[in-house]
Amino acid sequence: MSQPELILAFESSCDETSVAVIKNGDTILSNIIATQINSHKRFGGVVPEVASRHHVEQITEVIDLAMKEAKVTYEDLDAVAVTYGPGLIGSLLIGVTAAKTVAFAHNLPLLPINHIAGHIYAAQLVKPLVYPLLALVVSGGHTELVYMQSAGDFKIIGDTRDDAAGEAYDKIGRVLGINYPAGKEVDRLAHLGQDTFNFPRAMDDSEDLDFSFSGLKSAFINTVHHADQIHETLSREDLATSFQAAVVDVLTHKTLRALHDHPVSQLVVAGGVAANLGLKERLTKELANTDIDLIVPPLRLCGDNAAMIGAAAHVALAKKQFGSLDLSADPGLDFDHA
């Protein structure tokens, strides 16, 4: 009986310090996540310098916990994987440095992983992926449609021109008095109101598959500020419902058009906004009478975590996509555009 493949994976691209041990690319032996949300709440968003400092303080303990929970030793490992971009440069460097140190100390191959590839491969921890497939990536800084002809092959066929959907949620959440991160609470309020404001669906009828949420964000903020000036009280629930309806409409329409242009059997929804119930409900409804298998990872795998990096690293290891010990962070890392 062959030995299982074991990968130690690191994720530190933003405000989560996470280390995981993944077996055979699809089984989580451990997935430790130290979140910094409470530290950044008072600032209304992530402060890079604060995030970096927390990563330094937490990384060693998180490694120890991940190894202990997985019940493995360094001699059992086949490789070390790490997010090297995109993300915050200071945060990325902590994870990259820690991963390189472990790889060097234990003579293990190093696998540099794209953070967005990790979000997509979180779906592999749910069920086997079938290619070609389409991924809708909706996270704090990214809104993309990614076509995958085969394992590890990523081509962007639709991208955001300005604010990503997750950024827009946080910015309008601030106006509503919701603490960072705002997505979960806006989603909750959106299930309680009516779409009465009819906010713009930017680029919804454009021929390409690109997105734009800056105009929607501005329309929302202007509506609230105007009401404040004339001392009118607006329903927070209706505002949230109207905002989310606009986001979900555009994401759904573009995704359905992409599925029409690029026939696949699986649609993966990836990233933090994949946890949004409104988006999941709408896509489930639209795809109910089709042959397309919708895969949305569970909540614990939608946010930033090292398990998804380990799942992506399984493919990188098979392809021998090794990094050298002079690997650095690449905060602007992106997939190729089709």
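The values are calculated or read from the model by the stated rules, or taken from the named source; none is laboratory data. All values reported here derive from a predicted model rather than from experimental measurement. No Cβ is skipped: glycine too gets one built from the backbone with ideal geometry, and neighbour counts run over all protein chains shown. In case anyone asks, the SASA skips ligands and DNA or RNA and just uses the protein heavy atoms, side chains included. Shrake-Rupley method; radii C 1.70, N 1.55, O 1.52, S 1.80 Å.
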In a Gaussian network model of the chain with springs linking alpha carbons closer than 10 Å, the residue among His314, His119, His262 that fluctuates most is His262
If the label point sits 7 Å along Cα→Cβ of Ile89, residues of the stretch 312-338 with amide N under 17 Å come out as 327-334
So Lys319 and Asp249, fully extended at 0.36 nm per residue minus their Cα-Cα distance, gain in nm 21.4 nm
Both in Å, the radius of gyration and Dmax of the C-alpha trace of the stretch 100-188 are 17.1, 51
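I'd like the projected area of the stretch 159-311, averaged over all directions, using the convex hull of its alpha carbons. Report it in nm² with one decimal.
Numbers: hull surface 39.3 nm².
Directional mean of the projected Cα hull area for the stretch 159-311 stands at 9.8 nm².
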Under a Gaussian network model of the chain whose springs join Cα atoms within less than 10 Å, the largest fluctuation of Ala34, Ala99, Ala311 belongs to Ala34
If the chain between Asp336 and Thr290 were fully extended at 0.36 nm per residue, the gain over the current Cα-Cα distance would be 13.6 nm
Dividing the mean separation of Cα pairs under 8 Å (6+ apart) by the residue count of the stretch 93-176 yields a relative contact order in percent of 18
Read-out Rg and Dmax of the Cα atoms in Å, candidates [x] 18.7, 60; [y] 23.4, 96; [z] 20.2, 74; calculated match is [z]
Output row, site His226, 7 Å Cα→C-beta label point, backbone N cut-off 13 Å, window the stretch 184-199, residues 197-199
Met308 neighbourhood, Cβ < 14 Å, K/R = +1, D/E = -1, net charge -3
The base-10 log of I(q)/I(0) that the Debye equation returns for the stretch 277-317 at q = 0.29 Å⁻¹, one scatterer per C-alpha, is -0.95
Restricting to Cα pairs under 8 Å and 6 or more apart, the percent relative contact order of the chain works out to 26
Taking R0 as 30 Å and r as the Cβ-Cβ distance between Arg300 and Leu256, the FRET efficiency 1/(1 + (r/R0)^6), rounded to the nearest 0.05, comes to 0.60
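For the chain, return all DSSP H helices satisfying: extent of Cα atoms along own axis at least 15 Å; mean Kyte-Doolittle hydropathy at least -1.0.
Details: long enough: 48-70 (31 Å, -0.27); 89-105 (24 Å, 1.65); 165-175 (16 Å, -0.47); 214-229 (22 Å, -0.29); 236-261 (38 Å, -0.07); 306-318 (18 Å, 1.80).
Flagged H segments are 48-70, 89-105, 165-175, 214-229, 236-261, 306-318.
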In this structure, among Lys184/Lys217; Lys100/Lys127; Lys155/Lys280; Lys127/Lys155; Lys155/Lys319, pairs with alpha-carbon gaps over 20 Å are Lys100/Lys127; Lys155/Lys280; Lys127/Lys155
Checking Ser206, Ser265, Ser214 against a Gaussian network model of the chain (alpha-carbon springs below 10 Å), the top fluctuating residue turns out to be Ser206
With +1 at each Lys and Arg Cβ and -1 at each Asp and Glu Cβ, the charge dipole magnitude of the chain around its Cα centre, to the nearest 20 debye, comes out at 540
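Whenever you get a sec, compute what percent of the accessible area on the stretch 271-338 sits on carbon and sulfur atoms (1.4 Å probe). Spell out each step's value before the answer.
On the way: 1750 of 3420 Å².
Accessible surface attributable to carbon and sulfur in the stretch 271-338 totals 51 percent.
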Taking alpha-carbon centroids only, the stretch 106-172 lies from the stretch 278-301 a number of Å equal to 16
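Where in the chain lies the longest segment free of trypsin sites (Lys or Arg not before Pro) that are both loop residues by DSSP (not H, G, I, E, B) and have at most 15 other Cβ atoms within 10 Å?
On the way: sites that count: Arg42, Lys71, Arg161, Lys319, Lys320.
Counting at most 15 other Cβ atoms within 10 Å as exposed, the longest clean stretch of the chain is 162-318.
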